1. Does at least one position in the range 30-40 carry a residue that is buried (at least 24 other Cβ atoms within 10 Å of the Cβ) and under 26 Å from residue 215 (Cα atoms)?
2. Quick check on this structure: which one of 247, 257, 264, 225 is closer than 15 Å to residue 154 by Cβ, touching a strand residue (DSSP E or B) at 6+ places or on another chain (Cβ under 6 Å) and touching a residue at least 12 places away in the same chain (Cβ under 8 Å)?
3. Pairs only if they're at least six apart or on different chains, beta carbon under 6 angstrom, first in the range 117-132 and free of Cβ contacts under 8 Å to residues at least 24 places away in the same chain, second near the ligand (Cβ under 9 Å from one of its atoms); list them, first residue then second.
4. Give the residue, chosen from 131, 166, that is at pLDDT below 95 and in contact with a helix residue (DSSP H, G or I) (Cβ under 9 Å, 6 or more places away or on another chain).
5. Can you name the residue in the range 112-152 that is part of a helix (DSSP H, G or I) and over 17 Å from residue 182 (Cβ atoms) and, of all such residues, is nearest to the ligand (Cβ to nearest atom)?
Ligand SMILES: C[S@@+](CC[C@H](N)C(=O)[O-])C[C@H]1O[C@@H](n2cnc3c(N)ncnc32)[C@H](O)[C@@H]1O
């Protein structure tokens, strides 16, 4: 299933999404620090994918907090739920549910979090309104979204290179992924959702790969650019890889590819 934003078909790539988790783990650390969960908290994770950052928190606070993850892609929820079962984790569950229409009563949660989910929602504003609705008065949120295109080199390279080979309407989802990254955009949406007490800070972290090939193998194996590959004539696959390798070369250090990325962390209180 494709969609107008060209974001990956999360349901279809659920089984291999975890290839990316080590790369974005530093974002989860900063996000959980901003969340500052306390024993007894009821917590919601929106766009929880294959279980992060909910599972990291569940492992850290074993049974002391109650966590519910929601995601609109059923197979992502299945992967997350499998981990709960395999690890025997208590007080954590994942549910198939769109963030724009949460099936929870008002004022139910003490904490809300989302790592790289909100900018992908079909209606990010409605998702933020729902976060405001289900948080208790005084409840905290910690939300990470991608920043601007120029601070997200991997997606920018793919966008620039694929756009030369395939139609613009099939290009990688640079605009959707960075849609909340420009200064002022997320502030305005949080205010519209009902929040008046919050701050938004940029943070830099790095992807680390042993080589360009190690990076591109994950891109291909995870199928994260499946729609773009599907639109690309087979005889141009090698050219894409080579063109992106040239762009990536400026980030080769000694024997490692180290690529800086920026995200925005929004934290606040209802
Ligand atoms: C980039 S993944 C991030 C997954 C996870 N939070 C992580 O950091 O590993 C984005 C997730 O948001 C989910 N998503 C997209 N739109 C959604 C919506 N409207 N409601 C709930 N989840 C949504 C996708 O299905 C996907 O699992």
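The values are calculated or read from the model by the stated rules, or taken from the named source; none is laboratory data. Everything quoted here is computed from the prediction, not taken from an experiment. Note that each Cβ is placed from the backbone with ideal geometry, even for glycine, and that neighbours are counted across all protein chains shown.
1. Yes, there is a match, as at least one residue in the range 30-40 is buried (at least 24 other Cβ atoms within 10 Å of the Cβ) and under 26 Å from residue 215 (Cα atoms).
2. Working: 247 fails: touching a strand residue (DSSP E or B) at 6+ places or on another chain (Cβ under 6 Å); 264 fails: closer than 15 Å to residue 154 by Cβ; 225 fails: touching a strand residue (DSSP E or B) at 6+ places or on another chain (Cβ under 6 Å).
Unique residue meeting the criteria: 257.
3. 123/100
4. Details: 131 fails: at pLDDT below 95.
Exactly one of 131, 166 is at pLDDT below 95 and in contact with a helix residue (DSSP H, G or I) (Cβ under 9 Å, 6 or more places away or on another chain), namely 166.
5. Going residue by residue through the range 112-152, those that are part of a helix (DSSP H, G or I) are 118-120, 124-134, 149-151.
Within this subset, residues satisfying the condition of being over 17 Å from residue 182 (Cβ atoms) are 126-127, 129-134.
Working: 126: 9, 127: 6, 129: 13, 130: 9, 131: 11, 132: 16, 133: 15, 134: 13 Å.
The selected residue is 127.
Conditions (1) in contact with a helix residue (DSSP H, G or I) (Cβ under 7 Å, 6 or more places away or on another chain); (2) touching a residue at least 12 places away in the same chain (Cβ under 8 Å); (3) closer than 18 Å to residue 31 by Cβ, marked per residue:
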site	(1), (2), (3)
183	no, no, no
186	no, yes, yes
209	yes, yes, no
213	no, no, no
221	yes, yes, no
